[in-house]
Amino acid sequence: MGTKLTKAAMAYYATECASFNFRKAARAVTQLFDKTLQPSGVRSTQLGLLLAAGIYEKATMSQLAEVIVADRTTLTRALKPLIRQGLLKNIPGKDKRKNGISLTPKGHRVIRKAGPYWKKAQDQLVKGFGKEQWKEFRHKLAKAIQVVKKA
(Lines give C-alpha, C1' and ligand atoms only; values in the text may rest on other atoms or scores of the structure.)
Protein backbone atom coordinates (compact mmCIF):
# COMPACT_ATOMS: atom_id res chain seq x y z
CA MET A 1 0.00 0.00 0.00
CA GLY A 2 1.48 3.36 -1.06
CA THR A 3 1.70 6.46 1.05
CA LYS A 4 -0.59 8.51 -1.19
CA LEU A 5 -4.34 8.20 -1.32
CA THR A 6 -5.98 8.33 -4.70
CA LYS A 7 -7.97 11.40 -5.62
CA ALA A 8 -11.06 9.20 -5.66
CA ALA A 9 -10.40 8.08 -2.08
CA MET A 10 -9.84 11.66 -0.93
CA ALA A 11 -13.01 12.77 -2.73
CA TYR A 12 -14.91 9.98 -0.98
CA TYR A 13 -13.66 11.07 2.45
CA ALA A 14 -14.42 14.74 1.73
CA THR A 15 -17.90 13.93 0.43
CA GLU A 16 -18.81 11.61 3.30
CA CYS A 17 -17.04 13.36 6.19
CA ALA A 18 -19.64 14.66 8.64
CA SER A 19 -17.22 17.15 10.19
CA PHE A 20 -16.13 18.59 6.84
CA ASN A 21 -19.72 18.95 5.64
CA PHE A 22 -21.05 20.43 8.89
CA ARG A 23 -18.20 22.96 8.90
CA LYS A 24 -18.81 23.97 5.27
CA ALA A 25 -22.51 24.47 5.98
CA ALA A 26 -21.76 26.36 9.20
CA ARG A 27 -19.33 28.68 7.39
CA ALA A 28 -21.86 29.39 4.62
CA VAL A 29 -24.66 30.12 7.11
CA THR A 30 -22.34 32.25 9.26
CA GLN A 31 -21.28 34.26 6.19
CA LEU A 32 -24.94 34.93 5.28
CA PHE A 33 -25.83 36.05 8.80
CA ASP A 34 -22.64 38.09 9.30
CA LYS A 35 -23.18 39.95 6.03
CA THR A 36 -26.83 40.62 6.84
CA LEU A 37 -26.14 41.59 10.47
CA GLN A 38 -23.28 43.96 9.54
CA PRO A 39 -25.34 47.18 9.98
CA SER A 40 -26.15 46.13 13.56
CA GLY A 41 -22.46 46.05 14.51
CA VAL A 42 -22.59 42.47 15.80
CA ARG A 43 -21.58 39.18 14.18
CA SER A 44 -23.79 36.12 14.24
CA THR A 45 -21.56 34.31 16.73
CA GLN A 46 -21.69 37.32 19.04
CA LEU A 47 -25.46 37.58 18.71
CA GLY A 48 -25.75 33.92 19.67
CA LEU A 49 -23.68 34.53 22.80
CA LEU A 50 -25.73 37.59 23.74
CA LEU A 51 -28.95 35.62 23.31
CA ALA A 52 -27.63 32.70 25.36
CA ALA A 53 -26.52 35.07 28.13
CA GLY A 54 -29.95 36.71 28.09
CA ILE A 55 -31.84 33.42 28.17
CA TYR A 56 -29.61 31.80 30.82
CA GLU A 57 -29.24 34.88 33.02
CA LYS A 58 -26.30 34.66 35.43
CA ALA A 59 -25.19 31.31 33.99
CA THR A 60 -21.72 30.23 35.04
CA MET A 61 -19.03 29.91 32.40
CA SER A 62 -19.39 26.12 32.52
CA GLN A 63 -23.16 26.29 32.08
CA LEU A 64 -22.90 28.77 29.21
CA ALA A 65 -20.18 26.68 27.53
CA GLU A 66 -22.45 23.65 27.73
CA VAL A 67 -25.41 25.55 26.28
CA ILE A 68 -23.46 26.77 23.25
CA VAL A 69 -21.48 23.51 22.93
CA ALA A 70 -18.05 25.08 23.31
CA ASP A 71 -15.11 24.55 25.60
CA ARG A 72 -14.50 27.12 28.33
CA THR A 73 -11.34 28.49 26.69
CA THR A 74 -13.16 29.20 23.43
CA LEU A 75 -16.07 30.73 25.33
CA THR A 76 -13.77 32.95 27.42
CA ARG A 77 -12.04 34.21 24.27
CA ALA A 78 -15.41 34.94 22.62
CA LEU A 79 -16.83 36.74 25.67
CA LYS A 80 -13.90 39.14 26.21
CA PRO A 81 -14.80 41.63 23.44
CA LEU A 82 -18.47 41.56 24.45
CA ILE A 83 -17.53 42.35 28.04
CA ARG A 84 -15.11 45.09 26.88
CA GLN A 85 -17.90 46.65 24.79
CA GLY A 86 -20.22 46.62 27.80
CA LEU A 87 -22.69 44.18 26.24
CA LEU A 88 -22.10 41.54 28.91
CA LYS A 89 -20.79 41.72 32.45
CA ASN A 90 -19.25 39.27 34.88
CA ILE A 91 -21.24 38.53 38.01
CA PRO A 92 -18.79 37.56 40.77
CA GLY A 93 -19.46 34.18 42.36
CA LYS A 94 -18.19 32.53 45.49
CA ASP A 95 -15.08 31.54 43.57
CA LYS A 96 -13.82 32.21 40.02
CA ARG A 97 -15.35 29.00 38.69
CA LYS A 98 -18.79 30.20 39.80
CA ASN A 99 -18.67 33.63 38.12
CA GLY A 100 -21.81 34.33 36.14
CA ILE A 101 -22.38 36.18 32.89
CA SER A 102 -25.16 38.73 32.56
CA LEU A 103 -26.57 40.67 29.63
CA THR A 104 -26.35 44.44 30.17
CA PRO A 105 -28.93 47.02 29.07
CA LYS A 106 -26.56 47.91 26.22
CA GLY A 107 -26.51 44.21 25.25
CA HIS A 108 -30.31 44.21 25.17
CA ARG A 109 -30.25 47.25 22.86
CA VAL A 110 -27.79 45.54 20.50
CA ILE A 111 -30.01 42.45 20.31
CA ARG A 112 -33.04 44.64 19.58
CA LYS A 113 -31.11 46.50 16.86
CA ALA A 114 -29.90 43.22 15.32
CA GLY A 115 -33.39 41.68 15.33
CA PRO A 116 -34.65 42.91 11.94
CA TYR A 117 -31.34 42.02 10.26
CA TRP A 118 -31.37 38.58 11.88
CA LYS A 119 -34.96 38.07 10.69
CA LYS A 120 -33.99 38.95 7.13
CA ALA A 121 -31.20 36.33 7.09
CA GLN A 122 -33.35 33.79 8.92
CA ASP A 123 -36.26 34.26 6.51
CA GLN A 124 -33.93 33.84 3.54
CA LEU A 125 -32.59 30.57 4.91
CA VAL A 126 -36.00 29.18 5.94
CA LYS A 127 -37.49 30.14 2.58
CA GLY A 128 -34.69 28.27 0.82
CA PHE A 129 -35.33 25.14 2.92
CA GLY A 130 -39.09 25.37 3.19
CA LYS A 131 -40.67 25.74 6.65
CA GLU A 132 -41.30 22.04 7.24
CA GLN A 133 -37.88 20.99 5.96
CA TRP A 134 -36.26 23.63 8.19
CA LYS A 135 -38.14 22.31 11.20
CA GLU A 136 -37.04 18.75 10.38
CA PHE A 137 -33.45 19.89 9.81
CA ARG A 138 -33.36 21.68 13.20
CA HIS A 139 -34.43 18.41 14.82
CA LYS A 140 -31.72 16.54 12.90
CA LEU A 141 -29.11 19.07 14.03
CA ALA A 142 -30.23 18.60 17.64
CA LYS A 143 -29.99 14.83 17.14
CA ALA A 144 -26.45 15.19 15.76
CA ILE A 145 -25.45 17.11 18.89
CA GLN A 146 -27.00 14.40 21.10
CA VAL A 147 -25.22 11.64 19.20
CA VAL A 148 -21.85 13.34 19.53
CA LYS A 149 -22.31 14.18 23.22
CA LYS A 150 -23.04 10.52 23.97
CA ALA A 151 -19.86 9.37 22.20
Considering segment 1-60, residues that are of a type in the set (A, V, I, L, M) and open to solvent by 70 Å² or more (accessible area, probe 1.4 Å), and then whichever is farthest from Ala78 (Cα to Cα), we arrive at Met1
Mind checking which pairs have a first residue in segment 26-38 that is touching a residue at least 40 places away in the same chain (Cβ under 8 Å) and a second that is outside any helix (DSSP H, G or I), Cβ under 7 Å, 6 or more apart or different chains?
Leu37/Arg43
Given the conditions (1) modelled with pLDDT of 95 or more; (2) more than 17 Å from the chain's Cα centre (by Cα); (3) surrounded by 11 or more Cβ atoms within 10 Å (Cβ to Cβ), and given that Asn99 satisfies all but one, which numbered condition is not satisfied?
(1)
Spot the failing condition for Ala65; the list is (1) of a type in the set (Gly, Ala, Ser); (2) surrounded by 16 or more Cβ atoms within 10 Å (Cβ to Cβ); (3) in contact with a Gly (Cβ under 9 Å, 6 or more places away or on another chain), and only one is missed.
(3)
Among (1) at pLDDT below 95; (2) part of a loop (DSSP other than H, G, I, E, B), where does Val42 come up short?
(1)
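Residues are listed down the side, and each one gets a yes or a no for (1) assigned to a helix (DSSP H, G or I); (2) among the small types (Gly, Ala, Ser):
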position: Thr73; (1), (2): yes, no
position: Lys80; (1), (2): yes, no
position: Gly86; (1), (2): no, yes
position: Gly107; (1), (2): yes, yes
position: Arg112; (1), (2): yes, no
position: Asp123; (1), (2): yes, no
position: Gly128; (1), (2): yes, yes
position: His139; (1), (2): yes, no
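The values are calculated or read from the model by the stated rules, or taken from the named source; none is laboratory data. Nothing here was measured: the structure is a model prediction, and the numbers come from that model. Cβ: placed from backbone, ideal geometry, glycine included. Neighbour counts: every protein chain shown. What goes into the accessible areas is simple: the full protein's heavy atoms, side chains included, and nothing from ligands, DNA or RNA. Shrake-Rupley method; radii C 1.70, N 1.55, O 1.52, S 1.80 Å.
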